[in-house]
């Protein structure tokens, strides 16, 4: 009977010991870590306005694609940070 009481005491004591839990901030999705492409430069010897406009238009597209990617990353980060802070 004493052995049963001793075993029961050890088991119940082991169950009540708090275990420290550490919360890890989530990793950034790989799609959001892609660097923005470099802008295209115009060849200095170009005299055609159509070539210059084509380059400028392409650069605008690259800029707005990159801006969208950065805005998405900022939104993701702020949301995750808010959730992480509430859990702490």
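What follows draws every value from the coordinates through simple rules; no lab data is involved. Values in this document were obtained by computation on a predicted structure and should not be read as measured data. With ideal geometry, Cβ positions are generated from the backbone for all residues, glycine too; neighbour counts draw on all protein chains shown.
Key figures for this structure:
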{"quantity": "Length gained when the stretch residue 41-residue 74 is fully extended (0.36 nm per residue, less Cα-Cα span)", "calculated": "9.0 nm"}
{"quantity": "Residue list for segment 25-65, given a label point 7 angstrom along the Cα-to-Cβ vector of residue 86 and an amide N cut-off under 17 Å", "calculated": "25-26"}
{"quantity": "Label-point separation, residue 3 to residue 63 (7 Å along Cα→Cβ), nm", "calculated": "8.3 nm"}
{"quantity": "For 86, 62, order by how many other beta-carbon atoms lie within 10 Å, fewest first", "calculated": "86, 62"}
{"quantity": "Part-to-part distance (alpha-carbon centres) for segment 37-55 and segment 71-88, which is given in Å", "calculated": "40 Å"}
